[in-house]
Every structure is written in C-alpha cells, then in structure tokens.
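Below: one structure, written as structure tokens.
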C-alpha cells in the first residue's frame with residue numbers, strides 16, 4: 001500500500017485525522033479564534049454551576065478561558081470549531097492530561113463555558129458562566 005493509501009485508510013477510521021493534525025498551535029492555526037479576541041479585556045469572574053468557588057481570570061486575549069484546569073504553558077491546542085459566537089478547542093498538556101473546552105459568547109462580556117478532560121490524573125467536567133467584572 002502506498003503512503004497516500006495508508007493515510008487515506010487511517011483517515012477513514014478516524015486515526016489519521018487526529019495524528020496528522022496534531023501540530024503546535026502557532027504553526028497550525030495562527031489566525032484562529034477571532035471570537036475570543038473580540039471579548040472585552042479585563043478581569044472576568046468565572047462562576048461554576050456546581051457551586052465551586054468563583055475564580056477571577058485576567059483576560060487579555062480570550063484564550064485564558066480555554067484551559068482553566070490547565071493554566072500552565074506548553075500545551076498544544078487543536079481548534080475543533082471557530083465560529084462567530086462559539087469556539088471548541090481540544091488541548092493536550094505534556095505530563096498533565098488534556099481537555100476539551102467549548103465557549104459560547106452571549107455578549108462581548110458574557111460567555112458560557114463547558115469543559116472536560118483529565119488534570120493531575122483525575123477526570124474533570126464543569127459548566128460555568130464567565131462575565132467581565134472589572135479591570136486587571
């Protein structure tokens with residue numbers, strides 16, 4: 001089987017699409033996530049729907065809302081959906097798990113967040129509302 005045939009076969013079963021597209025975010029998607037860039041800059045309060053304590057996040061680019069359970073750097077990201085009012089990003093953090101986050105914009109200062117994955121060896125899943133609440 002040729003290399004092209006092998007990649008085509010892997011893509012049909014879903015393996016190749018993941019392995020072939022897993023490249024660093026900067027190289028793969030430098031222009032993506034415009035919706036997040038349009039969010040109001042400043043301090044945002046994340047209110048978890050499960051009653052967990054509120055969390056303050058300083059939003060400069062909007063991307064700070066993607067990895068709330070993985071705040072460390074060095075994670076690779078893959079954009080699943082990049083629409084005008086909704087983004088979905090899957091990310092992997094070496095030696096600390098992975099996650100998938102969906103952010104839906106209601107206004108430029110209010111978003112709904114759903115995220116799930118593995119952090120510090122344990123599964124997580126949460127829904128939250130994030131709202132701009134002031135300056136950083």
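Derivation of every value follows stated rules applied to the coordinates shown; laboratory data play no part. Note that the structure is a prediction, hence the values are computed from the model and not measured. Note: ideal-geometry Cβ built from the backbone for every residue, glycine included; neighbour counts use all protein chains shown.
Listed values, structure above:
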| item | result |
| --- | --- |
| The range 85-107, residues that are in contact with a strand residue (DSSP E or B) (Cβ under 8 Å, 6 or more places away or on another chain) and within 16 Å of residue 39 (Cα to Cα) | 85, 86, 87, 88, 102, 103, 104, 105, 106 |
| Answer residue from the range 31-52, given it is at negative phi, in a loop (DSSP other than H, G, I, E, B) and under 17 Å from the mean Cα position of the chain (by Cα) and is surrounded by the most Cβ atoms within 10 Å (Cβ to Cβ) among those | 39 |
